[in-house]
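The values are calculated or read from the model by the stated rules, or taken from the named source; none is laboratory data. Because the structure is predicted, anything quoted here is derived from the model rather than measured. Don't worry about glycine lacking a Cβ; one is built from the backbone with ideal geometry, like all the others, and counts go over all protein chains shown. Note: areas computed on protein heavy atoms with side chains; ligands, DNA, RNA excluded. Shrake-Rupley method; radii C 1.70, N 1.55, O 1.52, S 1.80 Å.
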Amino acid sequence: MSLSYDVVVVGAGPAGSAAALAAARAGRRVLLIERGEYAGSKNVSGAAFHAPQVLAELVPDFWRTAPVERHVARRTVSFTSPGASFTLDFRTASWGRPPFAGFTLLRPRFDRWLADQAAAAGATLLTDTVVDDLLRDGSGRVTGVRVRRPQGEIEARVVVAADGVNSFLARRAGLRGELRADQVSLGVKEVVALDRRVIEDRFALTGDEGMTCEYVGSVTEDVKGGAFIYTNRESLSLGVIVQVASLAERRVPAYELLERFKAHPAVAPLVRGGRLLEYSAHMLPEAGLEGMPKLYSDGGLVVGGAAGLCFATGLYLEGINFAIASGAAAGETAAEAAGAGRADAAALRAYQRRLDRSFVLRDFRRYRRAPAFAMSERLQNVYPGVMTALAEQALTSRGQPRRKLLAVARAELRRAGVPAWRLLRDLWEGGRAYGW
């Protein structure tokens, strides 16, 4: 005999747990399925969670009970050449007040806590369970899932696919095809232990203040991508995130890029003395609007990473906020559809409308050109070196008459093989991607 639920959510990451929480709070019978031993056990540690207001709508004042590490009080973006870096550094006192501007997290702890919130709201959490396929009726509508357990058919009015970037369920539902290698990135991460006081001294932090450091340029050598360091309470999360197509073309092992990143002169002093706690790798969707699948079908919804909702534009690198927002919207939509006894595509299209009204799809549409611009050859491998060379020329005194900065900039651009018209074209493209 099959089990039956109003809503079945597959994947207990932030998107899936948010969907289960929203649907359970609406009074529906909800099953949240996780293939790992516990929610978060399959997720990689180290994350920055921006826009916490999204979660605060589901769990008010969540930061008082959630296992967050530090609230983000400072952010830097560094443009690097092999021996130098040019850094934009921002901090403000306003980020030190609730609801804060963001937090650093260790995903296994945070994901487990968020799944527990869904369970406390009434959802059933089923771990150690692999979903092998979707169930369908004669018309092709999704009616449940088949799991790798005895009597493993579980019926549902609505199935929410929250199974990550390589979403098997989204493909089975016909919502998306295979992603191209230039639409996904590989994140290779480490968590290294450091004394809390050492972290605060090195990064100029106090109390529970935290910091995110993002890098572009020679830290990933000729491979398109970037790198990061996030401060936790007593550890650092660090890693490189590189485009799979570029990685394959350059034939460089990702772990070697991580080691070279840690050895960069701008990075080595920050990680010195750290003791390795964890090493992991994870795929990320980074194609923006271009890589987004259809979000709903008869009986099915797709959320979070499975829906390509990772916002990687060079200036912004966000995912958890989009995952939680999409999960909550899907949970609300699924609850309404189950309550009305109608879960066809026309009814579930309300999920798309919710995302259209929210910041989620507004941001993806507004910055639809940004992912391609951020991965352009000059922005990745030329302009960071020009910026560091220009800074070195401007800030070094050699006992000789100084040149005007514009002349120095022209000379560096000529040395890098960038004619004036190309620079102007890139400025125009950058403006279209980010500014207007």
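Going residue by residue through segment 378-397, is there one that turns out to be touching a residue at least 40 places away in the same chain (Cβ under 8 Å), open to solvent by less than 30 Å² (accessible area, probe 1.4 Å), over 18 Å from the mean Cα position of the chain (by Cα) and under 25 Å from residue 121 (Cα atoms)? No, segment 378-397 contains no residue that is touching a residue at least 40 places away in the same chain (Cβ under 8 Å), open to solvent by less than 30 Å² (accessible area, probe 1.4 Å), over 18 Å from the mean Cα position of the chain (by Cα) and under 25 Å from residue 121 (Cα atoms). If only residues of segment 117-130 that are crowded, with 16+ Cβ neighbours inside 10 Å and more than 13 Å from residue 9 (Cα to Cα) are counted, the one that is farthest from the chain's Cα centre (by Cα) is 122. For segment 225-267, filtered to residues that are modelled with pLDDT of 95 or more and among the basic types (Lys, Arg), the residue that is farthest from the chain's Cα centre (by Cα) is 260.
For segment 146-167, filtered to residues that are free of Cβ contacts under 8 Å to residues at least 24 places away in the same chain and outside any strand (DSSP E or B), the residue that is most open to solvent (accessible area, probe 1.4 Å) is 148. Annotation note: of 188, 184, the sole residue that is crowded, with 22+ Cβ neighbours inside 10 Å, touching a residue at least 12 places away in the same chain (Cβ under 8 Å), more than 30 Å from residue 342 (Cβ to Cβ) and β-branched (Val, Ile, Thr) is 188.
Here is a yes/no grid of residues against (1) among the β-branched types (Val, Ile, Thr); (2) in contact with a His (Cβ under 6 Å, 6 or more places away or on another chain); (3) open to solvent by 40 Å² or more (accessible area, probe 1.4 Å):
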{"site": "33", "(1), (2), (3)": "yes, no, no"}
{"site": "37", "(1), (2), (3)": "no, no, yes"}
{"site": "45", "(1), (2), (3)": "no, no, no"}
{"site": "54", "(1), (2), (3)": "yes, no, no"}
{"site": "83", "(1), (2), (3)": "no, no, yes"}
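Quick check on residue 68: is it within 17 Å of the chain's Cα centre (by Cα), open to solvent by 10 Å² or more (accessible area, probe 1.4 Å) and modelled with pLDDT of 95 or more? So residue 68 fits the description; yes. Does any residue of segment 200-217 turn out to be open to solvent by 50 Å² or more (accessible area, probe 1.4 Å), among the hydrophobic types (A, V, I, L, M, F, W, C) and modelled with pLDDT of 95 or more? Yes, segment 200-217 has at least one match.
Filtered by the rule that a residue be open to solvent by less than 40 Å² (accessible area, probe 1.4 Å), over 19 Å from the mean Cα position of the chain (by Cα) and of a type outside the set (Phe, Trp, Tyr), segment 56-65 gives 58, 59. Entry remark, segment 289-307: residues being open to solvent by 10 Å² or more (accessible area, probe 1.4 Å), in a helix (DSSP H, G or I) and in contact with a Gly (Cβ under 8 Å, 6 or more places away or on another chain) number 2 in total. Within segment 308-324, track down each residue that is open to solvent by 20 Å² or more (accessible area, probe 1.4 Å) and in a helix (DSSP H, G or I). Correct list: empty. Scanning segment 131-145 for residues that are loosely packed, with under 15 Cβ neighbours inside 10 Å and part of a loop (DSSP other than H, G, I, E, B) turns up 137, 138, 139, 140. The residue of segment 246-275 that is surrounded by the fewest Cβ atoms within 10 Å (Cβ to Cβ), among those that are in a loop (DSSP other than H, G, I, E, B) and small (Gly, Ala, Ser), is 273.
For segment 111-124, the count of residues that are closer than 19 Å to residue 66 by Cα and aromatic (Phe, Trp, Tyr) is nonzero. Out of everything in segment 334-363 that is of a type in the set (Gly, Ala, Ser) and exposed (fewer than 13 other Cβ atoms within 10 Å of the Cβ), what residue ends up being farthest from residue 298 (Cα to Cα)? Ranking the candidates gives 340 first.
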